[in-house]
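**Student:** Mind having a look at this structure? Questions to follow.
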Amino acid sequence: MNDLANSTMTANPPPVRIDFNTPELKRKRRLRALKDRLTRWYVLVGGLAVLAAITLIFFYLVYVVLPLFQGAELTAKKVQSPAWLQDSGKPLLLTIEEQNQVAMRVSAKGEVVFFAAKTGAELKRVSLPLPAGTQVVSLGQDQPGTNLVVLGLSNGQALAFKHVYKVTYPDNKKTISPQIDYPYGQAPLGLDPQGRALEHVSLSVNGDTLLLAASTGNELHLLSLAQEENMLTGETTLEQERIALPQIAEPIKAMYIDPRQQWLYVLNGRAHADVYNLRERSLNGRYKLLDDANTEVTASTQLLGGISLIIGNSKGGIAQWFMARDPDGEPRLKHIRDFQQGTTPIVQITPEERRKGFVALDASGKLGVFHSTAQRTLLIEPVVDGAGLLALSPRANRVLVEAGNTLQPLTLNNPHPEVSFSALWGKVWYESYDEPKHIWQSTAANTEFEPKLSLAPLTYGTLKAAFYAMLLAAPLSIAAAIYTAYFMAPRMRRKVKPVIELMEAMPTVILGFFAGLFLAPYVEGHLPGIFSLLVLTPIGILLAGWLWSRLPESIRLRVPEGWEALTLIPVVLLIGALALGMSPHMENWFFAGDMRLWISNDLGITYDQRNALIVGLAMGFAVIPNIYSIAEDAVFSVPRSLTLGSLALGATPWQTMTRVVILTASPGIFSALMIGMGRAVGETMIVLMATGNTPVMEMNLFEGMRTLAANVAVEMPESEVGGSHYRVLFLSALVLLMFTFVMNTMAELIRQRLRKKYAAL
């Protein structure tokens, strides 16, 4: 009995009771719970911090960019009624100097009065050296910023003078001393031999040559004066030459000479312009400025640089015209764009001295602020009662209007007129161009430069670079990920995957350096070999696979399952050596020894050494590890039960891969492609060093581009903080951020749909 009991107790031992409430286990549970809470809070805070950082970046970019699209502001100051203004004569010209401290007024009496811009107090009065018994009939100015003025006199003569402002610091106090200079002498120059009054005058200085134009009735008078300095005595002489031109059929309203002294614009009649070629001394054409028979030209001026004419009419409209070539190659005066200030006649238009903007005053006393390139109306506001005379400071931040016997000073805040939606994204007809175009050219050497701030070529270049990079990276990385995760032997996969992922650690600046200095010239010198390599590699791999399938099983079975890819290494190396080795011979046989010249001359395709092909190769190499790693993980994570079940039901490995594995892993594969696309769009160093940075809108594989990211990297150091160029670069960054946000959002939505669709597999 005892033995039986003992055997029974041995076969069924009493249950062991574990005490889970020991102090040690309680301490472990508390520690684990603390770690869980800390980890949860750490992940939560980290995620919220990332979201907060991205949100702050977005709002900061918006904060910097927002002033670009704000209009102008005009602030009226106290009206001035200086005593000297009561008997000073009819005003012909009103100006303000650089520092906004001294203003100048030229009257029909031949007097120049300098006065304080803030108070209106008279500072200096100069009587111009007019011949006895003559009066000032007309006035003309050279280009904005030159301060050169010409007066047309009643005796057929013209007097040219320059208003100058010398800055001194006596007793450490800034003092501005205005004065009048006569660079061509104090003696007036005769333009009309018959001594008739010069109703309109204009002048232009180009180097040492002064060109004067005047009109008496319908007759034109042109006088060219060339300054020559004697190298021995230092004396300066003026050589005069009269230029004869065809006469005008209608009464002349205004005339302008372009700065290169090639064109003379004569506004005449109701709304016509005759354009003369001064070099050929012939009429270029007669142009109709307005189609409405009840409207006429009432005001006009030249924009900064003298290329464009700004013409105002009797119904409050303003138009821009300049010379551009017709399809036949002949220069013609073209109507470019229009503005509308109101319904009353425009009485004066004054251009800015540093930008392609202008201000206009109409007969009702309303002031309009405009910018030509951006085709932007920034402000229309009444400033005086009735018509007046307008002055704009060189910095375009002060306005002075004389109406009646009072002076109305105003402060103008107009920091970013060059930017508008149409200027950023639409085609713009820039000065001296034959047609509207998308152009990015933010800076130039001369002050008359017209900024070209179109983001369209930069956005196009960004998408072009990403397209060619993905064209190479997407098929290679996805195919490699599927093969590695599904077909490759586990032991081989553990070696291949880390090597490919290690490619991601290579700095992109090294890839850009390599692409720009080595790959670009090498591809240029081996174009036939490169294209042969791109074509022959997939053909050679398919042919090698077909030959492998035809080998006896005794040979094929010697290679372990999943290691077959090793046999392709010598195939790829052999194809590469063959294609690149035969490149010089193919170039001699088919392209007369130079494929690049054949592409340029025979096909008419522009070839740049640093082009989209180089970017596709270099940036594709950089993007491959990102796409491969995520896609490979997605394919490898497909449950084995699905693949084994498919194989058990009779499907082949290829059918299982195409109909089960890829569909199940499609959300992850799509995410990999979107992340790779985002990486390609935001890439900076490779496109900066390997594209040539030419902002063109061409899909040509052999032409370069400039991307948004590269443009910010190149131009941000040279931009003025707070300026329009600076803020447009921040707008480029905002466009990149928005593009990435929209693309990632769409990718996530599509990924969720794919996950729901194939979740039942």
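**Student:** For a quick check of your reading of the model, give me the residue pairs whose first member lies in the range 377-406 and is at negative phi, whose second is of a type in the set (Lys, Arg) and not in a strand (DSSP E or B), with beta-carbon atoms closer than 8 Å and at least 6 apart or on different chains.
**Tutor:** So the pair list comes out as Pro394/Arg354; Arg395/Arg354.
**Student:** Could you say which residue among Leu701, Leu649 is free of Cβ contacts under 8 Å to residues at least 24 places away in the same chain and surrounded by fewer than 22 Cβ atoms within 10 Å (Cβ to Cβ)?
**Tutor:** Criteria check complete, one pass: Leu649.
**Student:** Further question on the same structure: Does the range 635-655 include one or more residues that are in contact with a Lys or Arg (Cβ under 6 Å, 6 or more places away or on another chain) and not charged (D, E, K, R)?
**Tutor:** no
**Student:** Another one. Of the numbered conditions (1) of a type in the set (A, V, I, L, M, F, W, C); (2) more than 44 Å from the chain's Cα centre (by Cα); (3) loosely packed, with under 11 Cβ neighbours inside 10 Å, Ile539 satisfies every one except a single condition; which is it?
**Tutor:** (2)
**Student:** Still on this structure: Quick check, is Val399 in a strand (DSSP E or B), surrounded by 15 or more Cβ atoms within 10 Å (Cβ to Cβ) and among the hydrophobic types (A, V, I, L, M, F, W, C)?
**Tutor:** Considered against the rule, which asks whether it is in a strand (DSSP E or B), surrounded by 15 or more Cβ atoms within 10 Å (Cβ to Cβ) and among the hydrophobic types (A, V, I, L, M, F, W, C), Val399 comes out as yes.
**Student:** Given Val149, Val167, which one is touching a Lys or Arg at 6+ places or on another chain (Cβ under 8 Å), more than 21 Å from Leu222 (Cα to Cα) and outside any loop (DSSP other than H, G, I, E, B)?
**Tutor:** Unique residue meeting the criteria: Val167.
**Student:** List the residue pairs whose Cβ atoms are under 6 Å apart, where the first residue sits in the range 262-281 and is over 13 Å from Ser300 (Cβ atoms) and in contact (Cβ under 8 Å) with a residue 40 or more places away in the chain, the second is assigned to a loop (DSSP other than H, G, I, E, B) and of a type outside the set (A, V, I, L, M), and the two are 6 or more positions apart or on different chains.
**Tutor:** Close Cβ pairs (under 6 Å, with a partner that is assigned to a loop (DSSP other than H, G, I, E, B) and of a type outside the set (A, V, I, L, M)) amount to Leu278/Gln261; Leu278/Gln262.
**Student:** Suppose we filter the range 676-703 for residues that are assigned to a loop (DSSP other than H, G, I, E, B), farther than 21 Å from Ser600 by Cβ and β-branched (Val, Ile, Thr); how many remain?
**Tutor:** Matching residues across the range 676-703 total 1.
**Student:** Which is in contact (Cβ under 8 Å) with a residue 24 or more places away in the chain and touching a Phe, Trp or Tyr at 6+ places or on another chain (Cβ under 6 Å), of Ile336, Ile311?
**Tutor:** Result: Ile336 is the single residue among Ile336, Ile311 that is in contact (Cβ under 8 Å) with a residue 24 or more places away in the chain and touching a Phe, Trp or Tyr at 6+ places or on another chain (Cβ under 6 Å).
**Student:** Given the condition farther than 19 Å from Leu392 by Cβ, buried (at least 17 other Cβ atoms within 10 Å of the Cβ) and of a type in the set (Gly, Ala, Ser), answer yes or no: does some residue in the range 80-93 qualify?
**Tutor:** Yes; the residues of the range 80-93 include at least one that is farther than 19 Å from Leu392 by Cβ, buried (at least 17 other Cβ atoms within 10 Å of the Cβ) and of a type in the set (Gly, Ala, Ser).
**Student:** Could you look through the range 704-752, keep only residues that are of a type in the set (Val, Ile, Thr) and in a helix (DSSP H, G or I), and pick out the one that is surrounded by the most Cβ atoms within 10 Å (Cβ to Cβ)?
**Tutor:** Taking the candidates together, the pick is Val728.
**Student:** Taking only pairs six or more apart or across chains, which ones have beta-carbon atoms under 8 Å, a first residue in the range 100-127 that is acidic (Asp, Glu), and a second residue that is part of a loop (DSSP other than H, G, I, E, B)?
**Tutor:** Glu111/Ser88; Glu111/Gly89; Glu111/Leu128; Glu122/Pro82
**Student:** Any residue that is closer than 30 Å to Arg706 by Cβ, buried (at least 20 other Cβ atoms within 10 Å of the Cβ) and either of a type outside the set (Ser, Thr, Tyr) or more than 25 Å from the chain's Cα centre (by Cα) (or both) - is there at least one of those in the range 376-394?
**Tutor:** Yes, the range 376-394 contains a residue that is closer than 30 Å to Arg706 by Cβ, buried (at least 20 other Cβ atoms within 10 Å of the Cβ) and either of a type outside the set (Ser, Thr, Tyr) or more than 25 Å from the chain's Cα centre (by Cα) (or both).
Results for (1) assigned to a helix (DSSP H, G or I); (2) in contact with a strand residue (DSSP E or B) (Cβ under 8 Å, 6 or more places away or on another chain); (3) surrounded by 11 or more Cβ atoms within 10 Å (Cβ to Cβ); (4) at pLDDT 90 or above, shown as yes or no for each residue.
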position	(1), (2), (3), (4)
Trp548	yes, no, yes, no
Ser554	yes, no, no, no
Val559	no, no, yes, no
Gly562	no, no, yes, no
Thr567	yes, no, yes, no
Leu578	yes, no, yes, yes
His585	yes, no, yes, no
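The values are calculated or read from the model by the stated rules, or taken from the named source; none is laboratory data. These numbers were taken from a predicted model, which means no experiment stands behind them. Methodologically, a virtual Cβ is constructed for each residue, glycine included, from the backbone with ideal geometry; neighbour enumeration extends over all protein chains shown.
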